[in-house]
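All of the numbers you see were taken from the coordinates with simple rules; none came from a lab. As the structure is a prediction and not an experimental result, all values here were calculated from the model. Here the Cβ is made from the backbone with ideal geometry for all residues, glycine too, and neighbour counts use every protein chain on show.
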Amino acid sequence: MSEEDSSDSASQWQRLEDHFRQHASIVTYFRNANAAAVIQMLRTGVNDAGTCLSQFERDALIERHCELFGRWPE
């Protein structure tokens, strides 16, 4: 394996590691939110602190909705 191939492989592994780290953060962010809270936040676009949802929070809510209901929110 050449040095360039090794570098490309290391870069790919790093991107994959970054992806899984981000996904783990998304999955755990609203892990304690119950069904009613998830629906309310998705409906209003406001988090439990009363501020507008960030993109990260929207992603986390969608993930939590899927965990709770087994489907994407409508």
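Annotation note: Cβ proximity below 6 Å between a residue of the range 37-56 that is within 23 Å of HIS23 (Cβ to Cβ) and a residue that is among the acidic types (Asp, Glu) (sequence gap 6+ or interchain) occurs for ASN47/GLU57. Reported count of residues in the range 39-57, each being buried (at least 17 other Cβ atoms within 10 Å of the Cβ) and within 18 Å of ALA24 (Cα to Cα), is 1.
Residues that are out of contact with any strand residue (DSSP E or B) (no Cβ under 9 Å at 6 or more places or on another chain), small (Gly, Ala, Ser) and in a loop (DSSP other than H, G, I, E, B) within the range 26-56 comprise ALA33, ALA49, GLY50, SER54, listed in sequence order. Could you tell me whether any residue of the range 12-25 is surrounded by 10 or more Cβ atoms within 10 Å (Cβ to Cβ), free of Cβ contacts under 8 Å to residues at least 60 places away in the same chain and assigned to a loop (DSSP other than H, G, I, E, B)? Among the residues of the range 12-25, not one is surrounded by 10 or more Cβ atoms within 10 Å (Cβ to Cβ), free of Cβ contacts under 8 Å to residues at least 60 places away in the same chain and assigned to a loop (DSSP other than H, G, I, E, B), which makes the answer no.
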